[in-house]
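These notes concern the structure reproduced below.
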Amino acid sequence: MTLVNEIDRTLVALADPTRRGVVELLRKKPRRAGELAEKLDMTAPAMSRHLRVLRTCGLVEEEHGGHDARVRVYRLRREPFRALRRWLDDVEHFWAGELEAFARHAERTRGAPRRST
């Protein structure tokens, strides 16, 4: 998968406020699906659909909790967020360069007589 496709999938997943809520909760600690559903006032099937999207795009991973294989604990994965951060840093670098070029242009043209059109 190319970086652009990975970022597209990440952004699509994070476009949903509920999934961003899941990410916020998982930033604090890994949690069970039922706990996530309860915290976000959702049904278990609805939460399951959101978790499936987050798993598919690689933002979260699941582990089977301890002795009961039916219990699943979800945690964030670092890699997709790092890729998104790199892309955002590149965009920020581009705009910093554009602003620097504009500042240089403004300095060069400061005080220069304006042309009449």
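Every residue, every condition in (1) over 17 Å from Asn5 (Cβ atoms); (2) under 20 Å from the mean Cα position of the chain (by Cα); (3) surrounded by 13 or more Cβ atoms within 10 Å (Cβ to Cβ), yes or no:
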{"site": "Thr43", "(1), (2), (3)": "yes, no, no"}
{"site": "Arg52", "(1), (2), (3)": "yes, yes, no"}
{"site": "Asp68", "(1), (2), (3)": "yes, no, no"}
{"site": "Arg72", "(1), (2), (3)": "yes, no, yes"}
{"site": "Glu79", "(1), (2), (3)": "no, yes, no"}
{"site": "Asp89", "(1), (2), (3)": "yes, yes, no"}
{"site": "Glu92", "(1), (2), (3)": "yes, yes, no"}
{"site": "Ala96", "(1), (2), (3)": "yes, no, no"}
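Report, by residue number, each residue of segment 6-47 that is part of a loop (DSSP other than H, G, I, E, B) and out of contact with any Lys or Arg (no Cβ under 6 Å at 6 or more places or on another chain). Result: Ala15, Asp16, Lys29, Leu40, Asp41, Met42, Thr43.
Just so you know, all these numbers are worked out from the coordinates, no wet-lab data involved. Remember, it's a predicted structure, so these values are computed and weren't measured experimentally. Every residue, glycine as well, gets a Cβ built from its backbone with ideal geometry; the counts of neighbours run over all protein chains shown.
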